[in-house]
Amino acid sequence: MKVVRLGEGDAGRLLAASELFDAPPVGEAVWAYLADERNVVFLAVDSGRAVGFLRGTALNQIASARPQMFLYEIDVAPTHRRRGAGRALVRALLAYCRRHGFEEVFVFTDPANAAAVGLYRSTGAVTETVADRMFVYPLTRRPAGSRSVSGQSRAARRRRGDERGKPAQASSP
Ligand SMILES: CC(C)(COP(=O)(O)OP(=O)(O)OC[C@H]1O[C@@H](n2cnc3c(N)ncnc32)[C@H](O)[C@@H]1OP(=O)(O)O)[C@@H](O)C(=O)NCCC(=O)NCCS
């Protein structure tokens, strides 16, 4: 099993893996999606066949020059689950984000989704509370005091509204 990143011009490869997606991909939209450099798509390929995918979108921030990655969707074919494909896809995204200076990767899931929760926790994601829907992979060291006890970043807490109303703090690039 290997993981490959799709780039502009790889629409055919993504369309050939249509059965992996809940909502069937449409040609024109796929072309535009892959042409947008904020979007990142990885395929897990086994014996030449796509058996899983992950897609995410980079988001700019206003309190940091570092972008965040929103892990939007990950799915592995039922026939290939529990063989390490999900972990390989997440690791490929984390490596990509570290190389490109991302502050963090975040993903939402239903806390009752044991497979997703197990995958995210086992690859380093943290949550504020056990029942939290948002899992965060902090990727950069922040100045002392900028992380909560659980390790979540200031950006993550801002999204949750914990710092609403407080003046924005300057951040180092
Ligand atoms: C979540 C999903 C992507 C995991 O993919 P996968 O290829 O089966 O995961 P891996 O084999 O890489 O497993 C990595 C780790 O995740 C955890 N894990 C995976 N499946 C699990 C399950 N059914 N129950 C509990 N933990 C699980 C384990 O810690 C596992 O490590 P281990 O096998 O060494 O114990 C897959 O189950 C899936 O496609 N589910 C349907 C779509 C979905 O729910 N996506 C997430 C939406 S947010």
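Values quoted throughout were computed directly from the atomic coordinates according to the rules given, and no laboratory measurement underlies them. Remember, it's a predicted structure, so these values are computed and weren't measured experimentally. Note that each Cβ is placed from the backbone with ideal geometry, even for glycine, and that neighbours are counted across all protein chains shown.
To the nearest whole percent, what portion of all C-alpha pairs in the range 2-160 is separated by more than 26 angstrom?
28
At a Förster distance of 35 Å, what's the computed FRET efficiency of residue 28 paired with residue 79, Cβ-Cβ distance as r, to 0.05?
Using R0 = 35 Å, I get an efficiency of 0.75.
Using only Cα atoms, locate the centre of the range 1-36 and the centre of the range 88-106, then give the distance between them in Å, rounded to an integer.
19
So if each residue of separation counts as 0.36 nm, and I subtract the Cα-Cα distance between residue 130 and residue 108, what length gain in nm does that give? Don't skip to the end; give the middle numbers.
Working: separation 22, 0.36 × 22 = 7.92 nm, distance 1.32 nm.
That pair, residue 130 and residue 108, stretches by 6.6 nm at full extension.
Give the residue list of GluC sites (Glu not before Pro) in the range 1-103 that are DSSP loop and have at most 10 other beta-carbon atoms within 10 angstrom. Please list the in-between numbers first.
Values: sites: 8, 19, 28, 37, 73, 103; in loops: 8, 37, 103.
Hits after loop and neighbour filter: 37.
Can you tell me the length gained on complete extension of the stretch residue 5 to residue 99, counting 0.36 nm per residue apart and subtracting the Cα distance?
32.4 nm
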